[in-house]
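The values are calculated or read from the model by the stated rules, or taken from the named source; none is laboratory data. If you're wondering where the values come from, they're calculated on a predicted model, not measured in any experiment. Glycine also receives a Cβ, built like all others from the backbone with ideal geometry; neighbour counts cover every protein chain displayed. Please note that ligands, DNA and RNA were not included when accessible areas were found on the heavy atoms of the full protein model with its side chains. Shrake-Rupley method; radii C 1.70, N 1.55, O 1.52, S 1.80 Å.
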Amino acid sequence: MSSITIVRDLRGQFGAAREQGLRPTCLAFAASDAHAAVRDSTWSDLSCEYLFYHAIQRQGASHTAGTNIPSIRDALDQDGQPLEAGWPYLQAVPKSWKPPAKVGAVFRRASKTLAGKFGRAWQKVTAGAPVLVGMSISNSFYAPKAGVVDSTEAVDITRRHAVIAVAAGDQAGARFLMVRNSWGAGWGLAGYAWIAERYMNPRIMEMVTVN
(Lines give C-alpha, C1' and ligand atoms only; values in the text may rest on other atoms or scores of the structure.)
Protein backbone atom coordinates (compact mmCIF):
# COMPACT_ATOMS: atom_id res chain seq x y z
CA MET A 1 0.00 0.00 0.00
CA SER A 2 1.29 3.47 -0.85
CA SER A 3 2.04 6.20 1.71
CA ILE A 4 -0.16 8.70 -0.09
CA THR A 5 -2.34 10.76 2.26
CA ILE A 6 -5.95 10.90 1.08
CA VAL A 7 -7.36 14.41 0.81
CA ARG A 8 -10.78 13.44 -0.60
CA ASP A 9 -12.12 10.01 -1.51
CA LEU A 10 -15.27 9.48 -3.60
CA ARG A 11 -14.97 5.71 -4.01
CA GLY A 12 -17.94 5.24 -1.69
CA GLN A 13 -20.18 6.53 -4.49
CA PHE A 14 -19.18 3.64 -6.75
CA GLY A 15 -19.80 -0.09 -6.90
CA ALA A 16 -17.27 -2.81 -7.64
CA ALA A 17 -14.82 -2.23 -10.49
CA ARG A 18 -16.09 -3.39 -13.86
CA GLU A 19 -14.36 -5.20 -16.74
CA GLN A 20 -14.49 -4.08 -20.38
CA GLY A 21 -12.59 -7.08 -21.71
CA LEU A 22 -10.97 -6.78 -25.14
CA ARG A 23 -13.47 -4.34 -26.63
CA PRO A 24 -12.69 -0.58 -27.13
CA THR A 25 -15.37 0.51 -24.67
CA CYS A 26 -13.38 2.29 -21.94
CA LEU A 27 -15.11 5.61 -22.63
CA ALA A 28 -18.56 4.04 -22.36
CA PHE A 29 -17.59 2.44 -19.04
CA ALA A 30 -16.16 5.68 -17.66
CA ALA A 31 -19.22 7.72 -18.68
CA SER A 32 -21.61 5.02 -17.47
CA ASP A 33 -20.00 4.72 -14.04
CA ALA A 34 -19.69 8.49 -13.65
CA HIS A 35 -23.41 8.65 -14.42
CA ALA A 36 -24.27 5.90 -11.93
CA ALA A 37 -22.21 7.59 -9.21
CA VAL A 38 -24.28 10.79 -9.33
CA ARG A 39 -27.69 9.29 -10.15
CA ASP A 40 -28.76 8.47 -6.59
CA SER A 41 -27.37 7.25 -3.27
CA THR A 42 -27.71 3.54 -4.10
CA TRP A 43 -25.30 2.21 -6.72
CA SER A 44 -26.77 0.34 -9.69
CA ASP A 45 -24.71 -0.67 -12.72
CA LEU A 46 -25.98 1.03 -15.87
CA SER A 47 -25.85 -0.53 -19.33
CA CYS A 48 -22.53 0.28 -20.98
CA GLU A 49 -23.68 -1.72 -23.99
CA TYR A 50 -26.66 0.55 -24.56
CA LEU A 51 -24.59 3.72 -24.17
CA PHE A 52 -21.81 2.47 -26.42
CA TYR A 53 -24.28 1.33 -29.09
CA HIS A 54 -25.97 4.73 -29.30
CA ALA A 55 -22.67 6.63 -29.26
CA ILE A 56 -21.44 4.51 -32.17
CA GLN A 57 -24.67 5.16 -34.12
CA ARG A 58 -24.36 8.90 -33.53
CA GLN A 59 -20.71 8.91 -34.56
CA GLY A 60 -21.28 6.74 -37.62
CA ALA A 61 -18.24 4.69 -36.68
CA SER A 62 -17.40 1.00 -36.43
CA HIS A 63 -17.83 -0.62 -33.04
CA THR A 64 -14.34 -2.04 -33.46
CA ALA A 65 -12.77 1.42 -33.43
CA GLY A 66 -14.38 2.80 -30.28
CA THR A 67 -16.18 6.09 -29.86
CA ASN A 68 -15.38 9.69 -28.88
CA ILE A 69 -16.38 12.07 -26.10
CA PRO A 70 -18.84 14.23 -28.13
CA SER A 71 -20.76 11.13 -29.20
CA ILE A 72 -20.75 9.65 -25.70
CA ARG A 73 -22.01 12.93 -24.24
CA ASP A 74 -24.81 13.18 -26.80
CA ALA A 75 -25.82 9.57 -26.20
CA LEU A 76 -25.81 10.08 -22.43
CA ASP A 77 -27.96 13.21 -22.71
CA GLN A 78 -30.36 12.16 -25.47
CA ASP A 79 -30.47 8.35 -25.52
CA GLY A 80 -29.67 7.66 -21.88
CA GLN A 81 -29.10 4.23 -20.32
CA PRO A 82 -31.18 1.51 -18.73
CA LEU A 83 -29.92 -0.56 -15.84
CA GLU A 84 -27.33 -3.21 -16.72
CA ALA A 85 -30.03 -5.91 -16.75
CA GLY A 86 -31.79 -4.06 -19.60
CA TRP A 87 -28.94 -4.88 -21.97
CA PRO A 88 -26.06 -6.71 -20.27
CA TYR A 89 -22.53 -6.12 -21.51
CA LEU A 90 -21.37 -8.40 -24.33
CA GLN A 91 -17.87 -9.84 -24.48
CA ALA A 92 -18.13 -9.80 -28.28
CA VAL A 93 -20.47 -8.04 -30.70
CA PRO A 94 -22.81 -10.40 -32.62
CA LYS A 95 -23.71 -9.95 -36.28
CA SER A 96 -27.13 -8.61 -35.30
CA TRP A 97 -26.21 -5.93 -32.79
CA LYS A 98 -29.08 -3.83 -31.52
CA PRO A 99 -30.79 -3.15 -28.20
CA PRO A 100 -33.49 -5.55 -26.97
CA ALA A 101 -37.06 -4.50 -27.69
CA LYS A 102 -37.64 -3.83 -23.98
CA VAL A 103 -34.84 -2.48 -21.82
CA GLY A 104 -36.84 -0.94 -19.00
CA ALA A 105 -36.60 2.62 -17.73
CA VAL A 106 -33.95 4.79 -19.39
CA PHE A 107 -31.99 7.37 -17.42
CA ARG A 108 -30.49 10.45 -19.11
CA ARG A 109 -27.86 12.81 -17.81
CA ALA A 110 -26.26 16.05 -18.97
CA SER A 111 -22.49 16.59 -18.87
CA LYS A 112 -19.97 19.39 -19.27
CA THR A 113 -16.48 19.53 -20.68
CA LEU A 114 -13.90 20.62 -18.14
CA ALA A 115 -11.14 22.94 -19.32
CA GLY A 116 -7.67 22.61 -17.87
CA LYS A 117 -5.40 19.81 -16.79
CA PHE A 118 -4.53 17.93 -13.60
CA GLY A 119 -5.04 20.90 -11.27
CA ARG A 120 -8.60 21.47 -12.46
CA ALA A 121 -9.48 17.80 -12.01
CA TRP A 122 -7.92 17.94 -8.55
CA GLN A 123 -10.16 20.89 -7.65
CA LYS A 124 -13.29 19.10 -8.83
CA VAL A 125 -12.51 15.88 -6.99
CA THR A 126 -11.66 17.65 -3.74
CA ALA A 127 -14.99 19.51 -4.11
CA GLY A 128 -16.81 16.19 -4.39
CA ALA A 129 -17.26 15.69 -8.15
CA PRO A 130 -15.81 12.71 -10.06
CA VAL A 131 -14.11 13.63 -13.35
CA LEU A 132 -14.04 11.55 -16.52
CA VAL A 133 -10.54 11.84 -17.96
CA GLY A 134 -9.53 10.99 -21.50
CA MET A 135 -5.76 10.55 -21.50
CA SER A 136 -2.87 8.72 -23.09
CA ILE A 137 -1.12 5.92 -21.25
CA SER A 138 2.21 4.09 -21.28
CA ASN A 139 3.56 0.69 -20.25
CA SER A 140 3.67 1.54 -16.54
CA PHE A 141 -0.08 2.17 -16.52
CA TYR A 142 -0.80 -1.49 -17.21
CA ALA A 143 0.80 -2.68 -13.95
CA PRO A 144 0.71 -0.05 -11.18
CA LYS A 145 3.44 -0.58 -8.57
CA ALA A 146 1.84 -0.89 -5.13
CA GLY A 147 -1.21 0.79 -6.64
CA VAL A 148 0.71 3.78 -8.02
CA VAL A 149 1.54 4.95 -11.56
CA ASP A 150 4.44 7.40 -11.49
CA SER A 151 7.01 7.18 -14.27
CA THR A 152 8.93 9.39 -16.66
CA GLU A 153 8.05 7.40 -19.79
CA ALA A 154 7.57 9.39 -22.97
CA VAL A 155 4.06 10.53 -23.90
CA ASP A 156 2.50 8.57 -26.75
CA ILE A 157 -0.79 10.18 -27.79
CA THR A 158 -1.79 7.15 -29.87
CA ARG A 159 -2.34 5.00 -26.74
CA ARG A 160 -5.58 6.48 -25.47
CA HIS A 161 -7.76 5.45 -22.57
CA ALA A 162 -10.60 6.79 -20.39
CA VAL A 163 -10.82 6.62 -16.59
CA ILE A 164 -12.61 8.43 -13.77
CA ALA A 165 -10.73 10.52 -11.20
CA VAL A 166 -12.33 9.61 -7.86
CA ALA A 167 -9.89 10.58 -5.11
CA ALA A 168 -7.19 13.18 -4.42
CA GLY A 169 -4.04 12.49 -2.44
CA ASP A 170 -0.73 14.00 -1.37
CA GLN A 171 2.71 12.57 -0.75
CA ALA A 172 5.32 14.99 0.58
CA GLY A 173 3.82 17.85 -1.45
CA ALA A 174 3.38 15.84 -4.64
CA ARG A 175 -0.23 15.52 -5.78
CA PHE A 176 -1.95 12.35 -6.98
CA LEU A 177 -5.37 11.50 -8.34
CA MET A 178 -6.83 8.05 -7.85
CA VAL A 179 -8.60 6.77 -10.95
CA ARG A 180 -11.24 4.10 -11.41
CA ASN A 181 -10.37 1.88 -14.37
CA SER A 182 -12.49 -0.59 -16.37
CA TRP A 183 -10.02 -3.49 -16.35
CA GLY A 184 -11.55 -5.39 -13.45
CA ALA A 185 -10.61 -5.75 -9.80
CA GLY A 186 -7.26 -7.33 -10.65
CA TRP A 187 -5.83 -4.00 -11.83
CA GLY A 188 -4.15 -1.79 -9.24
CA LEU A 189 -5.99 -1.59 -5.91
CA ALA A 190 -9.20 -3.52 -6.64
CA GLY A 191 -9.63 -1.66 -9.92
CA TYR A 192 -8.24 1.71 -8.79
CA ALA A 193 -4.77 3.30 -8.81
CA TRP A 194 -3.07 6.52 -7.80
CA ILE A 195 -1.69 8.51 -10.74
CA ALA A 196 1.05 11.07 -10.13
CA GLU A 197 0.54 14.62 -11.37
CA ARG A 198 3.81 14.58 -13.27
CA TYR A 199 2.67 11.47 -15.14
CA MET A 200 -0.95 12.44 -15.73
CA ASN A 201 -0.81 16.16 -16.47
CA PRO A 202 0.95 16.00 -19.88
CA ARG A 203 -1.23 13.06 -20.91
CA ILE A 204 -4.66 14.59 -20.28
CA MET A 205 -6.57 15.19 -23.52
CA GLU A 206 -10.17 15.83 -22.45
CA MET A 207 -12.12 15.98 -19.22
CA VAL A 208 -15.86 15.79 -18.53
CA THR A 209 -18.08 16.10 -15.48
CA VAL A 210 -21.47 14.36 -15.41
CA ASN A 211 -24.12 16.53 -13.77
Item to check | Accessible area of the chain belonging to carbon and sulfur atoms, whole % at 1.4 Å probe | outcome: 51
Item to check | Packing-based ranking, highest mean first, of 32-43, 107-118 given that Cβ atoms within 10 Å are counted | outcome: 32-43, 107-118
Checklist outcome for this item: Quick calc: nm separation of the 7 Å Cα→Cβ label points for ALA174 and ARG198 -> 0.6
Checklist entry - So what's the net charge close to MET200: Lys and Arg +1, Asp and Glu -1, counting the other residues with Cβ under 11 Å from its Cβ? => result +2
Next on the checklist: Could you tell me how far the Cα centroid of the stretch 43-79 sits from the Cα centroid of the stretch 108-186, in Å?
Outcome noted: 21
Checklist outcome for this item: Probe 1.4 Å, heavy atoms of protein chains only: per residue, the accessible area of the chain in Å² is 45
Checklist entry - So, counting K/R as plus one and D/E as minus one, what does the shell of residues with Cβ under 12 Å around VAL149 add up to? => result 0
Item to check | Ratio Rg/Rh [Cα only; Rh per Kirkwood] for the stretch 27-88 | outcome: 0.96
Item to check | Distant-in-sequence amide H partners of ILE164 (H built 1.01 Å from N, under 5 Å) | outcome: VAL133, ARG180
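Give, in nm to one decimal, the length gained when the segment between GLU19 and GLN123 is fully stretched (0.36 nm per residue of separation minus the Cα-Cα distance).
Details: separation 104, 0.36 × 104 = 37.44 nm, distance 2.79 nm.
Difference between extended and current length: 34.6 nm.
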Checklist entry - Per residue, how much space in cubic angstrom lies within the convex hull of the C-alpha atoms of the stretch 1-117? => result 143
Next on the checklist: Quick check on packing: order 48-57, 80-89 by the mean number of other C-beta atoms within 10 Å, highest mean leading.
Outcome noted: 48-57, 80-89
Next on the checklist: Give me, ordered by chain and number, the residues 5 or more places off ARG18 or on other chains with an amide H under 5 Å from its own placed amide H.
Outcome noted: GLY184
Checklist outcome for this item: Rounded to whole Å, √(5λ) for the Cα gyration tensor eigenvalues of the chain, largest first, gives 28, 18, 16
Item to check | Whole-number D in µm² s⁻¹ for the stretch 1-63, Kirkwood Cα-pair radius fed into Stokes-Einstein, 10 °C, 1.306 mPa s | outcome: 118
Checklist entry - Sequence-distant or interchain residues sharing an amide H contact under 5 Å with SER111, placed H: which? => result ASN211
Item to check | Linear extension gain, ALA190 paired with THR113, 0.36 nm per residue minus alpha-carbon span | outcome: 24.9 nm
Checklist entry - Do you know the relative contact order of the chain, to the nearest whole percent, from alpha carbon pairs under 8 angstrom that are 6+ apart? => result 28
Checklist entry - Net charge near GLN78, counting Lys/Arg +1 and Asp/Glu -1 over other residues with Cβ under 15 Å of its Cβ? => result +1
Checklist outcome for this item: Fraction of alpha-carbon pairs in the stretch 110-167 farther than 18 Å apart, rounded to whole percent, equals 42
Checklist entry - Under a plain spin-label model, where a point goes 7 Å from the Cα along Cα-to-Cβ, how far apart in nm are GLN57 and SER138? => result 4.1
Item to check | VAL93-VAL155 pseudo-label distance in nm [points 7 Å out on the Cα-to-Cβ vector] | outcome: 3.0
